[in-house]
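For reference, the structure is listed below as structure tokens.
Please treat every number below as a calculation from the coordinates, not as lab data. Computed from a predicted model, the values in this text were never measured in an experiment. Here the Cβ positions follow ideal geometry from the backbone for every residue, glycine too, while neighbour counts run over all protein chains shown.
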Amino acid sequence: MPEVGASSSQPLDIRSEHARARVLLPLAIDAAYDYRAPAQLSVAPGDFVAVPLGNRERIGCVWDGDPSEDEIASSRLKDINRRLDALPLAAPLRRFVDWVARYNCAARGAVLKMVMSAPDALDSEKPQNGYVLAEKFALPPKFKWTEARERVRRALLANPALSAADLSREAGVTASVIKGLAEAGALRTVPIGRAPVFAAPEIKSPGPPLSRDQRACADDLSAKTRAGGFSVTLLDGVTGSGKTEVYLSAIAAALSAGKQVLVLVPEIALTAQWLGRFEERFGSPPAEWHSDLTSAQRRHIWRAVAEGRARVVVGARSALFLPFAELGLIVVDEEHDASFKQEEGVIYQARDMAVVRAHIENIPIALVSATPSLETFANVESGRYQRLHLPDRFAGATLPDMSVIDMRADTPPRQAWLSPTLRRALDATFAAGEQALLFLNRRGYAPLTLCRTCGHRLQCPNCTAWLVEHRRESRLRCHHCGYVSPPPKLCPKCQSADSFAACGPGVERLADEAAALFPKARIGVMTSDTLCGPGAAGDFIARVEAREFDLIIGTQVVAKGHHFPLLTLVGVVDGDLGLAGGDLRASERTYQLLSQVSGRAGRAERPGRVFIQTYMPEHPVMQALLSGDRDRFYQAEAASRRAHGMPPYGRLAAIIVTGGAEDAVIAAARALARCAPTEPGLTVLGPAPAPLRRLAAQYRWRLLVKAGREVNVQGAIRDWLAKVNAKGVRIRIDIDPYSFL
Ligand code: ADP
Ligand code: ZN
Ligand code: ZN
């Protein structure tokens, strides 16, 4: 095994009997605490140790920095209980934790907690038992092979020994079914090893022959990967140009150089096609890291990454905090995607933090997109990032033909949302035996339900938000807090019966309209509601590929990365949806999303057509989509941001004050405003009630810090918040905010 994760620091001084160590605990605490290392225990920074805290034992990590000799007398320090049998946390990862905490104004312990995401991986693995089928057993009287038991049997035929938990997941049965089978003698217990073993990727396959442009990009990225050293490269190419193919080559280069690779993707649930391609190229699947893993899976993968047994990890943003032993390349696919911004717990932008990790690890990173974020675009313009360009779709496939439908002239009938032009295009597509996609970024049946008698709107009791009708399941749902209720019989305000009217379309209502117009078309609806479970997206996509649907109706989950060869028509039902509200990135994001949806059309031999329905055909976003002149749109957007000192040319930070009592929230927000920093180049706007003034029964007020790029915003915020003693409220800091709700 390579020398992995070895700490570069010297062991602490243990000549004296009272060697001290600072221990950072995975709690919302910034400081590392001093402990005493007993004489017989030598510990060094990076070591995982068990220490007493209050009357509990906690696992923490020995941290860098000199112990604060004068704070607490050694004699009063508590002893470290023991050192854990895990590889130490490498120095670059410790520096990364410090960096992420400082940049995002978060507690270092909270960031360490994201690193220690598989706590039981830190103790050596206990021997585990698993089940196999008993070769022969006498069926007890009354024993029946129920359907559930049959699934267990099939799962065990298809797999080597499985632990009870894995077996129950594989077979989709409860623990009691397994227990019943074991008691009946149908299963036999065997010891199982440290499964799963991660197969080494096969790097002999050269991959498909690349086009000249692809070759040039792949050579550049592979050379950087082999050479090592920090660099940021934007891999910029239209959808279907082969960006994935190019970075798979760079991954191969990293693997042949004996390095590990991290690929960050926006939504791991949507990567079924990607995983298939990876496996085809490298002979075995990569390790997958996301929030749906069981604790056993987390433990296995975490340890395998630390020990260098897992060579490639594909994951959502949290994979960024895995303890790679020999990381040699990071790829951020769809780098512009807003889901890289984590909005809960420690608020951070995973794409930006990935660049920081690459810098600290001194390795190259590739940011991949057909529609880069304006931040990345600006970094390319200023020469901080390099750019590789793939201008054309692969194998002569052409970009779709774009049209904008002016809804003021091309009006749908009342209570319908598809314009006559789009209806005709759908008709023609089905007649030609091709597939169409209707994109509407709204789940449910209708976004608003109101009373025709008194005008009352059905609102979430916990949020400043309307309840969304989900007619298929006969429920009203709040998309902000998860509140669910059956639709009321009477209006809660005026008690009228049968007085509710649905306003506006969601995907369900659109599906009804399409079904009425095209009774023969087979319609599949794809939203986060219809996709349950990790395999669901893959299943749906396989059904699209198998031509089980003529029409796909979906929200943004259909926009991401899929490749449907027979899909030739894309209709954007409401192109203006993302432009309403008008936050900082509304235009940028709408452009990115609509380009990406459009990119689903005509990816194979048959050319594609895209229709965007809009009430603002003259809007710069629509004009840019029509002309295909992306860079001109970006330049105009950049100029306007620069003129207003907005990101990426200026800096923003949001301070969000929340609490159950609005008085206390307002008082705290005003107290903050009164002692706001007065540094030159920095202004504080607000406080103002947040657009989502109430969320999950919490009141919310916001302040916004706006500053020049040269200002140390984090330092100013830290000093500022230290001055305010806020009782009964929570204050959250969002550096580089993406959400202004
Ligand atoms: P992007 O990531 O830019 O959207 P992909 O890498 O997914 O593009 O490529 C689009 C399609 O073209 C995929 O089906 C891919 O397999 C195919 N393709 C791209 N480059 C090549 C190549 N050099 N040889 C064969 N097929 C390719
Ligand atoms: Zn009413
Ligand atoms: Zn709610």
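Binning at 20 Å from 0, report for the chain what percent of all alpha-carbon pair distances ends up in each bin.
14, 43, 36, 6, 0
Over the chain, what is the relative contact order in percent, taking alpha-carbon pairs closer than 8 angstrom and at least six residues apart?
11 percent
Got a sec? Charge dipole of the chain, +1 on Cβ for Lys and Arg, -1 for Asp and Glu; which of His480, Ala654, Leu235 is way out at the positive end?
The residue sitting most towards the positive pole is His480.
Which far-off residues, 5 or more places away or on another chain, put their amide H under 5 Å from the one on Val263, with H placed in the peptide plane?
Close amide H contacts, sequence-distant or interchain: Val313, Val314, Gly315, Val331.
Note down the magnitude of the dipole of the stretch 229-361 about its Cα centre, charges +1 on Lys and Arg C-beta and -1 on Asp and Glu C-beta and zero elsewhere, to the nearest 20 debye.
Dipole magnitude for the stretch 229-361 comes out near 460 debye.
Charges on Cβ only, +1 for Lys and Arg, -1 for Asp and Glu, centred on the Cα centroid of the chain; of Ser176, Trp302, Gly524, which one is farthest towards the dipole's positive end?
Checking the options against the dipole of the chain, the answer is Ser176.
Can you return the lysines within cross-link range of Lys142? Criterion is Cα-Cα under 20 Å, with same-chain partners fewer than 8 residues away left out.
Lys179
Rank-order 225-235, 182-192, 425-435 by packing density, defined as the average count of other C-beta atoms within 10 Å over each peptide's residues, highest first.
Ranking the peptides 225-235, 182-192, 425-435 by packing returns 225-235, 425-435, 182-192.
Would you work out the Kirkwood radius for the stretch 174-309? I mean one over the mean of 1/r across all pairs of different Cα atoms, in Å.
Hydrodynamic radius (Kirkwood, Cα only) of the stretch 174-309 equals 17.7 Å.
Please list, by residue number, every one of the GluC sites (Glu not before Pro) in the stretch 533-596 that is coil in DSSP and has at most 12 other beta-carbon atoms within 10 Å.
Hits after loop and neighbour filter: Glu548.
If the chain between Arg226 and Tyr615 were fully stretched, how many nm would it gain, using 0.36 nm times the residue separation less the Cα-Cα distance?
Result: 134.9 nm gained on full extension.
Please state the shape class of the stretch 494-559: rounded when a/c is under 1.5, otherwise prolate if a/b exceeds b/c and oblate if not, all from the C-alpha gyration tensor.
Note, shape of the stretch 494-559 comes out oblate.
Can you sort Asp220, Asp85, Asp47 from fewest to most other Cβ atoms within 10 Å of each residue's own Cβ?
Asp85, Asp220, Asp47
Please say if the stretch 465-592 is rounded, prolate or oblate, where rounded means a/c under 1.5 for a ≥ b ≥ c the square roots of the C-alpha gyration tensor eigenvalues, and otherwise the choice is prolate for a/b larger than b/c and oblate otherwise?
prolate
Neighbour counts of other C-beta atoms within 10 Å: give me Ser419, Ser241, Ser528, Ser295 arranged from fewest to most.
Starting with the residue having the fewest Cβ neighbours, the order is Ser295, Ser528, Ser419, Ser241.
Pick out, from Pro400, Thr376, Ser419, the residue whose Cα sits farthest towards the positive end of the charge dipole of the stretch 360-427, with +1 on the Cβ of Lys and Arg and -1 on the Cβ of Asp and Glu.
Value computed over the given set: Ser419.
What's the extension gain from Ile29 to Gln714 if we count 0.36 nm per residue and subtract their Cα-Cα distance?
244.9 nm
With charges only on Cβ, +1 for K and R and -1 for D and E, what is the dipole size of the stretch 80-183 about its Cα centre, in debye, rounded to 20?
Around 200 debye, computed over the stretch 80-183.
For each of Ile552, Ile360, count neighbouring Cβ atoms within 10 Å of the residue's Cβ, then give the residues from fewest to most.
Ile360, Ile552
Could you go through the stretch 433-442 in sequence order and give the Karplus-derived ³J(HN,Hα) for each residue, using 6.51 cos²θ - 1.76 cosθ + 1.60 with θ = phi - 60°, rounded to whole Hz, and x for Gly and Pro?
Each residue's phi maps through the Karplus curve to give x, 10, 9, 10, 10, 10, 10, 8, 7, 9 Hz.
Report the gain in length on full extension from Arg169 to Ser640: 0.36 nm times residue separation, minus Cα-Cα distance, nm rounded to one decimal.
Extra length from Arg169 to Ser640 when fully extended: 164.4 nm.
For the stretch 306-379, state which GluC sites (Glu not before Pro) are in a DSSP loop and have at most 15 other beta carbons lying within 10 Å of their beta carbon.
Within the stretch 306-379, the qualifying GluC sites (Glu not before Pro) (loop, at most 15 other Cβ atoms within 10 Å) are Glu343, Glu344.
Taking Cα centroids, how far is the stretch 560-597 from the stretch 412-440 in Å?
Computed from Cα coordinates, the inter-centre distance equals 17 Å.
Taking every DSSP beta bridge with both residues inside the chain, roughly what % is antiparallel (nearest 5)?
Among the beta bridges of the chain, antiparallel pairing accounts for roughly 55 percent.
Amide H neighbours of Leu476 under 5 Å, at least 5 residues apart or on other chains, H built in the peptide plane: list them.
His470, Ser485
Pop out the ³J(HN,Hα) list for the stretch 641-649 in order, Karplus 6.51 cos²θ - 1.76 cosθ + 1.60 with θ = phi - 60°, rounded to Hz; leave Gly and Pro as x.
Running phi through 6.51 cos²θ - 1.76 cosθ + 1.60 with θ = phi - 60° gives 5, 5, 4, 9, x, 9, x, x, 9 Hz.
Trypsin sites (Lys or Arg not before Pro) within the stretch 422-512: which are DSSP loop residues with at most 11 other Cβ atoms inside 10 Å?
Taking the stretch 422-512 and a limit of 11 other Cβ atoms within 10 Å, the loop trypsin sites (Lys or Arg not before Pro) found are Lys489.
Rounded to the nearest 500, what is the 222 nm mean residue ellipticity of the chain from helices alone, with -39500 (n - 2.57) per DSSP H run of 4+ residues and division by all residues?
Taking each H run of at least 4 residues, the total per residue is -9000 deg cm²/dmol.
When a/c reaches 1.5 or more, the comparison of a/b and b/c decides; with that in mind, is the stretch 336-392 rounded, prolate or oblate per its Cα gyration tensor?
oblate
List the residues, sorted by chain then number, that are 5 or more residues from Gly599 or on another chain and whose placed amide H is less than 5 Å from its amide H.
Answer set, sorted by chain and number: none.
Report the charge-dipole magnitude of the chain in Debye, nearest 20, computed about the Cα centre from +1 at each Lys and Arg Cβ and -1 at each Asp and Glu Cβ.
Here the size comes out at about 1480 debye.
Which of the peptides 594-604, 652-662, 686-696 is most tightly packed, and how do the rest follow, going by the mean number of other Cβ atoms within 10 Å of each residue?
594-604, 652-662, 686-696
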